[in-house]
Amino acid sequence: MSNLTGAGKVVCVTGASGYIASWLVKFLLQRGYTVKASVRDPNDSRKTAHLTSLDGAKERLQLFKANLLDEGSFDSGIEGCEGVFHTASPFYHDIEDPQAELIDPAVKGTLNVLNSIAKFPSIKRVVLTSSIAAVVYNGKPRTPDVVVDETWFSDPDVCKESKLWYVLSKTLAEDAAWKFVKEKGIDLVTINPAMVIGPLLQPTLNTSAAAILNLINGAQAFSNFSLGWVNVKDVANAHIQAYEIPSASGRYCLVERVAHYAEIVKVLRELYPGVQLPEKCADDKPLMPTYQVSKEKAKSLGIEYIPLETSLKETVESLKEKQFARL
Ligand SMILES: NC(=O)c1ccc[n+]([C@@H]2O[C@H](COP(=O)([O-])OP(=O)(O)OC[C@H]3O[C@@H](n4cnc5c(N)ncnc54)[C@H](OP(=O)(O)O)[C@@H]3O)[C@@H](O)[C@H]2O)c1
C-alpha cells in the first residue's frame, strides 16, 4: 500500500479513535488521503493523541466532534468529502440497557450519518463497518461442512431470543442502512469482519482484544464457543479496497479462520509455553463445532489474510507493550 492513490482526496471516518478505525486512519493517511475524523471528545488526548501523531496527520488529519445520537452532528465532517467510512458503533458486552446503550447508537447513529451523507452529492461511496454478527445468526445450524457466505443475514428474532444485544444492534443497523441507501440511491459497501485481533494503536482496551487478554491474564476456563478471527490490518485494508475498487459492491465477510476458544488457547500455549492459560472449558457440553466462511468475495478485494497464529502473537505483544497483560 505504498502508492498515493488518495492524494488530493478527502474522506470521512466516523469513530476514528476506535481500534479498527485507528488503523484505517493510519492507512488512509499513508495512501495520501486527507481524513476528516469524528471523535466524541476532541479534547480527550487518550482518544486523539495516537491519531494526531500518525505520519501525515499534521498536514492531512482534521478531527471533528460528533456523537451518533446527535442529529446533524456529522454534517460538518462529511461536507466536502468524496467518501465516508462509517465505523462508529458501540461494541460492549457489559451493558444494562441494550436499547439505549447499543441499539439506538447503532441504528439511529447509522441513519443519522446516512442522512448527513444524503445532503452531500459529492459522496461517491459509503463503506459501513458491519460485522459477521449481522451474517451468521439466522438459526441455521453451523457445522464443519457448512459454508457461511454473504447471502446469509442474521434474523433479529433469533438475536432477541438469545439476548444477543450487540449482534442485534449490528443486524438492525446494517438492515436499516441497506433500506436507506436503496431509497436514496447511495452507493454502499459493507465490511463484515469476524472477531478482530492484532496490534492496538489506541491506548485503551477494546472489546475484541480484551477476549485475548482475558485468556492470558489468568482466566480459569475458556468459553465453549467457535467463531471467526481476522487481523485488524486486513480489516482496515479491506475497507480501503472496498472504497477504491470501482466494482466492489454488497457485503464482504472477513474471516481468516473459524476456531474454537480451545484452539486459540492451544495456539497461545505453543507461542507462550511459560504463560498460565485456562486448562478447561467453561462447561461440560461437547465443544461447539466450527464452520466455514467463504473467502471468495474477500479475495476480490485482494485480501491475503494474515494467519491466525501471527494475529494472536501480535495481539499478545501489543497487550504486553501497553501493559495490559500481566506476563
Ligand atoms: N472488534 C471486532 O471484533 C469487530 C468485529 C466486527 C465488527 N466490528 C465493528 O467495528 C466497528 C469498530 O469497532 P472496534 O472494534 O474498533 O471498537 P471500539 O474500539 O470500541 O470503537 C468503537 C468506536 O465507536 C465510537 N462510538 C461508540 N458510541 C458512540 C457514539 N454514541 N457516538 C459516537 N461514537 C461512538 C467509539 O467512540 P469512543 O472512542 O468515544 O468511545 C469508538 O470510536 C464497530 O462498528 C464494530 O461493531 C468490530
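Of the residues ASP234, ASP187, only one is more than 28 Å from ALA282 (Cβ to Cβ), at pLDDT 95 or above and out of contact with any Pro (no Cβ under 9 Å at 6 or more places or on another chain); which?
Values: ASP234 fails: out of contact with any Pro (no Cβ under 9 Å at 6 or more places or on another chain).
Result: ASP187 is the single residue among ASP234, ASP187 that is more than 28 Å from ALA282 (Cβ to Cβ), at pLDDT 95 or above and out of contact with any Pro (no Cβ under 9 Å at 6 or more places or on another chain).
Please enumerate the residues belonging to region 168-199 that are touching a Lys or Arg at 6+ places or on another chain (Cβ under 9 Å), more than 9 Å from the ligand (Cβ to nearest atom) and not in a helix (DSSP H, G or I). Residues satisfying the conditions are ILE186, ASP187, LEU188, VAL189, THR190, GLY198, PRO199. Restricting attention to region 32-48, and to residues there that are open to solvent by 10 Å² or more (accessible area, probe 1.4 Å) and in contact (Cβ under 8 Å) with a residue 40 or more places away in the chain, which single residue is farthest from the ligand (Cβ to nearest atom)? Going through the qualifying residues, I end up with LYS36. The set of residues in region 8-22 that are assigned to a helix (DSSP H, G or I) and either of a type in the set (S, T, N, Q) or open to solvent by 20 Å² or more (accessible area, probe 1.4 Å) (or both) comprises ILE20, SER22. Is it true that some residue in region 229-239 is touching a residue at least 12 places away in the same chain (Cβ under 8 Å), within 14 Å of the ligand (Cβ to nearest atom), outside any helix (DSSP H, G or I) and basic (Lys, Arg)? For region 229-239, residues touching a residue at least 12 places away in the same chain (Cβ under 8 Å), within 14 Å of the ligand (Cβ to nearest atom), outside any helix (DSSP H, G or I) and basic (Lys, Arg): absent. VAL275 passes every criterion in (1) β-branched (Val, Ile, Thr); (2) closer than 27 Å to PHE153 by Cβ; (3) out of contact with any Asp or Glu (no Cβ under 6 Å at 6 or more places or on another chain); (4) part of a loop (DSSP other than H, G, I, E, B) apart from (2). Pairs linking a residue in region 180-203 that is acidic (Asp, Glu) to a residue that is open to solvent by 10 Å² or more (accessible area, probe 1.4 Å) and part of a strand (DSSP E or B), with Cβ atoms under 9 Å and 6 or more positions apart or on different chains, are ASP187/ARG125. Just a yes or no: is a residue in region 93-109 in contact with a Ser or Thr (Cβ under 7 Å, 6 or more places away or on another chain), of a type outside the set (A, V, I, L, M, F, W, C) and more than 9 Å from the ligand (Cβ to nearest atom)? Yes, region 93-109 has at least one match. Looking across VAL181, VAL196, one residue alone is under 18 Å from the mean Cα position of the chain (by Cα), of a type in the set (A, V, I, L, M) and within 19 Å of TYR252 (Cα to Cα). It is VAL196.
Taking the listed residues VAL135, VAL196, the one that is farther than 22 Å from ASP94 by Cβ, β-branched (Val, Ile, Thr) and modelled with pLDDT of 95 or more is VAL135, with no other qualifying.
Scanning region 278-299 for residues that are assigned to a loop (DSSP other than H, G, I, E, B) and more than 22 Å from ALA221 (Cα to Cα) yields TYR291, SER294, LYS295. Of everything listed in (1) more than 12 Å from the ligand (Cβ to nearest atom); (2) over 27 Å from VAL126 (Cα atoms), the single unmet condition for SER154 is (2).
Of all residues in region 50-88, those being open to solvent by 20 Å² or more (accessible area, probe 1.4 Å), in a loop (DSSP other than H, G, I, E, B) and away from the ligand (no atom under 14 Å from the Cβ) number 6.
Within region 89-103, the set of residues being assigned to a loop (DSSP other than H, G, I, E, B) and open to solvent by less than 20 Å² (accessible area, probe 1.4 Å) comprises just one member, PRO90.
Check off (1) within 12 Å of the ligand (Cβ to nearest atom); (2) free of Cβ contacts under 8 Å to residues at least 40 places away in the same chain for LEU128 and give me the number that stays unchecked. Here LEU128 meets the rest and fails (2). Restricting attention to region 117-149, the residues that are outside any loop (DSSP other than H, G, I, E, B) and among the hydroxyl-bearing types (Ser, Thr, Tyr) total 1.
Remark: pairs (first residue in region 306-327, among the acidic types (Asp, Glu); second residue open to solvent by 50 Å² or more (accessible area, probe 1.4 Å); Cβ separation under 9 Å; 6+ apart in sequence or on different chains) = GLU309/GLU270; GLU309/LEU271.
The values are calculated or read from the model by the stated rules, or taken from the named source; none is laboratory data. Keep in mind that this is a model prediction, so the values were computed, not measured. A quick note on method: Cβ atoms are made from the backbone with ideal geometry, for glycine too, and the neighbour counts reach across all protein chains shown. We work out accessible area using only protein heavy atoms, side chains counted, and drop any ligands, DNA or RNA first. Shrake-Rupley method; radii C 1.70, N 1.55, O 1.52, S 1.80 Å.
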